[in-house]
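Each remark here refers to the structure printed beneath this line.
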Amino acid sequence: MIGKLDDYLRFQETALSLRAQRQQLLASNIANADTPDYKARDIDFSSALQSALAPAGQAPSELAKTSAAHLDAPGTARPGGAPLLYRSVQQGSVDGNTVDMDTERNQFADNAIRYEASLTMISGQIKSLLAAIQG
Amino acid sequence: MSLFDVFNVAGSAMSAQAQRLNTVASNLANADSTTSSTGQPYRAKQVVFSAVPVAGSQASGVKVLEVVEDASPPRMVYDPKNPVADEKGYVAMPNVNVVEEMVNMISASRSYQTNVETMNAAKTMLLKTLTIGQ
C-alpha cells in the first residue's frame, strides 16, 4: 500500500526536486553575471527527469567531500543523472563570461512557474487521495 | 534542499555587488583628493569577482577576490597656486574616471536588484511548497 502511494506521487516529487535544482543553477548564473570567465550552466530537464525516473542501480557512488572547494568526481555533479551542460555563447564578451541575462531571467521565471505547476498537480493528487480515503 | 541554496548564492552576489558599489562610492568621493595618508594622490580602486562553489551542490556563489588599484598614471593639472603643485606648477590628480564609475555604479545596482528578485522568487517557491496538501 505504502509502495503504491509512493509510486503515485513519485513523478511529481522527482519533477519538483529537479526543478528546484535547476532553479539553483539559474540563480548561480544570474549571481555570476559580472564574474570574469564564468561559464553559464544548465541541465537538459527532460533527459534529467527521464534518468531520475529510470530504475536505480547504475548511479555512481558519491565521494565524501570535506571542503566546499573539492571538485566533484566525474558523474556525481549530475542532477537526476543528467550531465551539467554549458550554454552556447549568444554574444561573446571580452572577460570570457557567457551569462546572457535575458536568457537566464526568462528561464528563471519559466522554471519557477513550472515548479508551481508541479506543486499544484501534487496538491491535487493529495486531495484526491484524501477524498478516496475519507469517502 | 536546493532551493535554500538560492539564498546563499543570491546573498553572496548581493554582498559582492554591495562591495563593488562601495568601491565606486569611494572612487567618486575621492575624485579630487590630491593627497592621502600616504602623501600620494588617491588611486582608483576596482573589485575583482570570482565564482566560489557552494557546498553540496553544483551552483556557484560570488566573492570579491581582491581589490586592485588602477595602475594608470595620475591626471596632471596645471595649477601653480595649489600648495601640492610640483616645481613646474602641475598637480597630480587622482586617476578616477567619473564616467566609468557612473557606469559601474548603475551596473552594480542593477545586478543587486536582479539578485534580490531571484531571492524573492525562491522565497515564494518555498512558501508555496509549504502549502502542499493543504
Quiz item: Among the residues of region A:82-123, how many are open to solvent by 40 Å² or more (accessible area, probe 1.4 Å) and assigned to a helix (DSSP H, G or I)?
Solution: 13
Quiz item: Yes or no: residue B:58 within 28 Å of residue A:28 (Cα to Cα), open to solvent by less than 50 Å² (accessible area, probe 1.4 Å) and either assigned to a loop (DSSP other than H, G, I, E, B) or touching a residue at least 12 places away in the same chain (Cβ under 8 Å) (or both)?
Solution: yes
Self-check item: Residues of region B:28-55 that turn out to be assigned to a helix (DSSP H, G or I) and touching an Asp or Glu at 6+ places or on another chain (Cβ under 9 Å), as a count
Solution: 1
Exercise. Specify which of the listed residues (B:56, B:61) is at the interface with chain A (Cβ under 9 Å from one of its Cβ atoms) and within 23 Å of the chain's Cα centre (by Cα).
Key: B:61
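Residue under question is residue B:25, and the condition is that it be part of a helix (DSSP H, G or I), surrounded by 15 or more Cβ atoms within 10 Å (Cβ to Cβ) and out of contact with any helix residue (DSSP H, G or I) (no Cβ under 7 Å at 6 or more places or on another chain); does it hold? If you could, list the steps in order and put the result at the bottom.
Details: part of a helix (DSSP H, G or I): yes; surrounded by 15 or more Cβ atoms within 10 Å (Cβ to Cβ): no; out of contact with any helix residue (DSSP H, G or I) (no Cβ under 7 Å at 6 or more places or on another chain): yes.
Considered against the rule, which asks whether it is part of a helix (DSSP H, G or I), surrounded by 15 or more Cβ atoms within 10 Å (Cβ to Cβ) and out of contact with any helix residue (DSSP H, G or I) (no Cβ under 7 Å at 6 or more places or on another chain), residue B:25 comes out as no.
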Practice problem: Please identify the pairs in which a residue from region A:1-23 that is within 16 Å of residue A:123 (Cα to Cα) has its Cβ atom under 6 Å from the Cβ atom of a residue that is open to solvent by 90 Å² or more (accessible area, probe 1.4 Å), counting only partners at least 6 apart or on another chain. | Solution: A:12/A:121
Quiz item: Looking at B:133, B:61, B:89, which is the one that is at positive phi and touching a helix residue (DSSP H, G or I) at 6+ places or on another chain (Cβ under 8 Å)?
Solution: B:133
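The values are calculated or read from the model by the stated rules, or taken from the named source; none is laboratory data. Worth saying up front: this structure is predicted, and the values here are computed from it rather than measured. For neighbour counting, all protein chains shown are included, and Cβ atoms are generated from backbone atoms with ideal geometry for every residue, glycine included. Calculation scope for accessible area: heavy atoms of the full protein, side chains included, ligands and nucleic acids excluded. Shrake-Rupley method; radii C 1.70, N 1.55, O 1.52, S 1.80 Å.
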